[in-house]
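Since every read-out is calculated from the coordinates, none of them should be taken as a lab result. Bear in mind the structure is a predicted one, so any value in this text is a computation, not a measurement. Cβ coordinates were reconstructed from backbone atoms using ideal geometry, including for glycine residues, and neighbour counts include every protein chain displayed.
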Amino acid sequence: MATPLADAVRPRATVRTDVERALVVTAHPDDVDFGAGGTVAAWTAAGIEVAYCICTSGDAGGYDDTPRAAMGPLREAEQLAAAAAVGVQDVQFLRYPDGRLTASIELRRDISREIRRFRPDRVLTQSPEIWWRRLGASHPDHRAAGEAALAAVYPDARNPFAHPELLAEEGLNPWTVGELWVMGAPDERVDHLVDVTETFDRKVAALRAHHSQTGHWPDLDTRIRTWNADWAARSGLPGGSLAEAFQVVPIG
């Protein structure tokens, strides 16, 4: 059943159809799979090349007795397996400390490096705003990653005079991203829904690869299906559909 917020999140964005490469920037391993795993699977199935830039290794996460020193490498391995499940092979870890991420100049530079290296037409990242209805999506690290990625998209990566060492020392020419997608955005910002009914199984497979984070959820499929069914209902898709929600920002 659609909720009273349905009208506020009905799709309105104009989305580019000429995208060949998309870069995903998130704070932690598993963030993309929770928020956009079905969408990424749909992109790769359509021939779009997707790369991941993960700001931390998730070393402060986990729900079992895995030694702390082993958690970061474990979560990186889980993210590589999850990425493969949705058709992504290019995964870069920036290895900033989990739980202490800030939108620093250094993080902006490192994300700009990945943008200039991969040269994406579209960047998908996390919202720098708080989503009060689902506060878990607004972890401080998520918001820091989103703020830094936004600054890297505009103006840093396109500006030859920002982080000049990227050009002078690494030969990475400026690159202009044409479109920004934001996941975990507040309801009033959401203006685009992606039908992930056909790719939902691949999203769940990716999430199951994050065993250190999801292994304690025997109802993982049901829990994720409920979230995605809610968005489908809000957007007016037929009954039984599943969707992921985004704010789409065209970059001039």
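Side notes on the structure shown:
- If only the Cβ of Lys and Arg carry +1 and only the Cβ of Asp and Glu carry -1, the dipole of region 6-250 around its Cα centre is close to 280 debye.
- In plain terms, the C-alpha convex hull of region 7-70 casts an average shadow of 6.7 nm² when viewed from every direction.
- Global form of the chain, assessed from the alpha-carbon gyration tensor, a/c cut-off 1.5: oblate
- Gain upon complete extension [PHE161, ALA60; 0.36 nm per residue less C-alpha separation]: 32.8 nm
- Residue order, fewest to most beta carbons within 10 Å, for TYR52, TYR63, TYR96, TYR154: TYR63, TYR154, TYR96, TYR52
- Dipole check for region 21-158: with +1 at the C-beta of Lys and Arg, -1 at the C-beta of Asp and Glu, and the Cα centre as origin, the magnitude is about 520 Debye.
- Extension reserve of the ASP187-ILE105 stretch, reckoned as 0.36 nm per residue once the Cα distance is removed: 26.6 nm
- Distance from the Cα centroid of region 126-161 to that of region 56-119 is 15 Å (rounded to whole angstrom).
- Annotation: the residues ILE105, ILE115, sorted from fewest to most other C-beta atoms within 10 Å of their own C-beta, follow the order ILE105, ILE115.
- Counting beta carbons within 10 Å around each of ASP98, ASP18, ASP33, ASP65 and listing the fewest first gives the order ASP65, ASP18, ASP98, ASP33.
- Amide H contacts of VAL91: TYR52, each under 5 Å away and 5 or more positions distant or on a separate chain (H built 1.01 Å from N in the peptide plane; Pro and chain starts excluded).
- Under 5 Å, built H, 5+ apart or other chain: amide partners of LEU124: LEU23, VAL24, VAL25, TRP181
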